[in-house]
Amino acid sequence: MRNKDTQKEKTLKSGRLAESVSWLLFGSVKIKNNFSKIAFLRSLNMWKSLKIDPVNERDSIFHDLIEECKHAAPGARLSYTLRNKLEKYSQEVRRDIWAVPHCLLPVKKGQVEIVEYLITVCQADIEQKGLYEVQEDRSTHVVTPLWCAAVSGKLKVVEILLKHGSDINAVSDTGSTPVRSACFMTHFEIVKYLVENGADINKPNYNGGTCLINSVQSAQLCDFLLKNGADVNARDIQNKTALHYAIQEHRLETTRLLLKSGANYNAKSRYGDDALQMACLKGATRIFDYLTTTISYPPDKLANAHELMGATYLDEHNDLGDALFHWKTALRIRENHGILLKQPVMPTREGYRYQKEFESMEELENISADLDLIRLQSLIIAERILGPHHKDTIFRLMYRGASYADIMRYQRCIDLWRRALQIRIEKDSILYTDTCFTAQALVRLMIDYNVKSTINREKNTRQRFHDVVSTFKLMTNNIVEMRQLLTIKPVYKRQADFFDKILKCITHLMYLMLEAMTTEKDKQLVKELITDLVRKNVKCVVLEDSILHLCVSKLNTIRSSYFMDEEPIMIFPRESVVRCLLQCGAPVNAKNELGWTPLHVGTMPYNYSDWLIKLLLQYGAHIDQPNAAGKTACEAILDISRHSSSEVHILNYITLKCLCATVISRHKIQYENQIPKTLENFVKLHEP
C-alpha cells in the first residue's frame, strides 16, 4: 500500500513539474484573464518549491539538531529522522558541526549519547572550536568541546572526548586550558580526572593565571593541585601569586595551606603589595591576625601594617572604632621599640591642608573628635605606606573626594581631586585614561562650584582662583611635549581623544580664571598664563583646532562619568574668553584640518552671535577666506541674515584688496615672485 502511494505521489509530482515547465515554455503567450494569471503563478511557485538549496537544507538540519538538544533529556538520543538527514552528508560537512553556532549545546548539557553519536557516526572534529557563552556576564569564548565539557561540569562527556583522543591541553581564545577553567568553576572530580590523564596544571593563560591561582576559593582543590606538582609561587602578569589572590578573597583556610606549602609571604605584586600589605588593603582581619601571630615581622613593618589596616577600616568600612584601635596599637609598638619617626618622612601637602600625621597618643586623641581630620589622617597614612603612585592611594583620594561632593562640600573634594590629578600626571602623563577621567571630573566640579558660589554669593573667590590657576599650570606644564609625542606614528585614537579632551578642560579653566580674578595682580597673572599658552600654539589632534576654535564653539563641553545624570553646562562661545585670547595674540585666521578658521566655526547656526562675528572681524578675521571646500564665512552670514536679523554688514569688512586676492585665487593666476611677499601671504589666505 505504502509503495503504491509513493508511486502515485511520484506520478503526481511529475505531472505538476511537466505542467510548470509548460507554463514556463509558453510564458511569452499573452495571458488574457485573471484566472489564467493566478494559475500560472501557482504553478511557478510549485516548481520553485521542488528545487532544494543544499546550503539552506544543511542549515535547517543544524537548526533542528540544536532544537532537539535544547529540549532533550541528558541521556536522550537524536530522533531517527534527524539522524537519517545528518548521515546523508559527506564527512567533510559533518566534521565541522562544532563550529556551527550553539552546536556545543549537547556538550554543555551533558547529553552523552548525542555527543557519542556526533563523534562516532558523524565523524565530528573533536578539536573544532565553537562559541561558549558565559551566562553571568554574557561574554563569549572560542573553545574546544573538551573545554566546554570541563567548564560545564560534565564528567561523562569529558571521558568520552578524551577516549576519542581530544587534546587535553588545548587552549581557548584566552589561552586557558580545560583543567584551568575547571579549577575556576571548582569542578573537583573533573580536575582530578584531567590531571590523572596528563593535564598540565602549571600551564598559564595569556594573563599568566595558573590552575592554583584559579582554585583559591577551594582549599581542597588547592591541596590536590599542590600534591600533584603545582608551583605554589607562580606569578601572573600582575606579579601576583596564589597567596595574593587567597588573601584578596579572604580565604583563610587556603592562605594557611599555601603558607604551609612554602608560599613566599614576602613576594610583592606589581604595586609592591606583599601578603601582609594585601591583607591590610582588603581588610582581611582574620588573615591579618593569622599573619601577624604566625610570622615574625620587624616592629616597623608591624606598626605600618596596623596603621594601614586602621586606614582601611575608616575608608572602606567607615569604622572609626576599629581604625583608632589599630592606630593606637601601632603607636604602642613604636613606643616600645623606640621607632617614633615614621618612614618615609612625608612632606606636608596642600591637598591634605598641610596636616601632619599623628605621632603620639595625645595627638591622636586631640584629632579623634574631628571626623574631617581623621579622614585626612587615613589618606596621609595610605600615601606614606603605599606610595603616591599606588592604585589604592589614588582610588582613596577619588573616593573620599566624591563622598564630599555628594554632600556638597565642594572645596574638600577639589583639594583631594587636585592631589589625585597631580599624582596621575606625575605617574602617567595627560595621555592616559585615568588622568583624563580625573581632569574632566575636577574641572566639571569647579564649574559647578563656580555656578553655585555665584548664586549663593559665597566669599570664596580667592581660594577658587588659586585652585583654578594651580590646575591650569599643572595641565599645561608639559603640554607641548605631549602634543609632539602624538606626531609620532602610529597615533592611537584613544590617546588622541584624551589629549583633545584635556584641551577642552584647559579652555574651561581659562573661563574659570577670568571669572574668579579680582585684583590687578590676578588679571596680570591670567594674561601671562594665557599668552604663554597661545605662544605654544597647541592644537587638537583629531581636527587640529586651535584654542580659539574651541572657544567659539558650543560643542566645547565637558562630560564626566561622575556627572552622568547631568546635562553638560554650555560655557562657550564666551565673550570674555574669546576677547582675552585675541588680546593675547591668538591667531584669528588659523585654519584647522578642514580649512576652517574660528570665523567659519562662529558662523555655524548653533554658534552664531553678532557679538562673536563682530569681535573676530574686529581683530582681523577675513570674512572672505575660504575653507577647504571653498566656502567662506561671508556666504554663511548672508544665509543666516535671510532667515533672521543680523547686524553684521559684510560690505564693511570686504576691501578691494580682498576682492583682488579672491579673483587671483579663483582664476589660478600666477602671482608668486611677481608681487611683494607680504601680498603673497595675503593671497594665500584667500586660497581654499
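Every number in this text was worked out from the coordinates using simple rules, so none of it is lab data. The structure presented is a predicted model; accordingly, all values stated were derived computationally and were not measured. No Cβ is skipped: glycine too gets one built from the backbone with ideal geometry, and neighbour counts run over all protein chains shown.
Values for this structure:
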{"read-out": "Cβ-defined net charge surrounding Gln238, 12 Å radius [Lys, Arg +1; Asp, Glu -1]", "value": "+3"}
{"read-out": "FRET E, pair Ala629, Ala170, Förster distance 56 Å, beta-carbon r, rounded to 0.05", "value": "0.50"}
{"read-out": "Cα lying deepest toward the dipole's positive end in the chain, options His306, Cys183, Val121, charges on Cβ", "value": "Val121"}
{"read-out": "Net length gained if the chain between Arg349 and Val542 were fully extended (0.36 nm per residue, minus Cα distance)", "value": "65.8 nm"}
{"read-out": "Highest average packing first - 272-279, 515-522, Cβ atoms within 10 Å", "value": "272-279, 515-522"}
{"read-out": "Estimated FRET transfer efficiency when R0 is 22 angstrom, pair Leu373-Leu341 (beta carbons, to 0.05)", "value": "0.55"}
{"read-out": "Theoretical FRET efficiency, 1/(1+(r/R0)^6), r = Cβ-Cβ of Glu528 and Leu320, R0 45 Å, to 0.05", "value": "0.45"}
{"read-out": "Charge dipole magnitude, Cβ of K and R +1, D and E -1 - the chain, Cα centre, debye nearest 20", "value": "2180 debye"}
{"read-out": "Ordering of 121-130, 450-459, 372-381, 165-174 by packing [mean C-beta count within 10 Å, highest first]", "value": "372-381, 121-130, 165-174, 450-459"}
{"read-out": "By average C-beta atoms within 10 angstrom, highest first, the peptides 473-483, 664-674", "value": "473-483, 664-674"}
{"read-out": "Kyte-Doolittle mean at least 0.5 and Cα axial length at least 18 Å: DSSP H helices in the chain", "value": "371-386"}
{"read-out": "Net lengthening on full extension, Ser139/Leu594 (0.36 nm per residue, minus Cα-Cα)", "value": "159.7 nm"}
{"read-out": "Radius 11 Å from Cβ of Gln111, net charge of other residues (Lys, Arg +1; Asp, Glu -1)", "value": "+3"}
{"read-out": "Cut-off 10 Å between beta-carbons: net charge of the residues surrounding Tyr671, Lys and Arg +1, Asp and Glu -1", "value": "0"}
{"read-out": "From the coordinates shown, Cα Rg over 2.2 N^0.38 Å corresponds to which of (i) 1.14; (ii) 0.96; (iii) 1.40", "value": "(iii)"}
{"read-out": "Global form of the range 329-451, assessed from the alpha-carbon gyration tensor, a/c cut-off 1.5", "value": "oblate"}
{"read-out": "Orientation-averaged projected area, Cα convex hull of the range 411-568 (nm²)", "value": "9.4 nm²"}
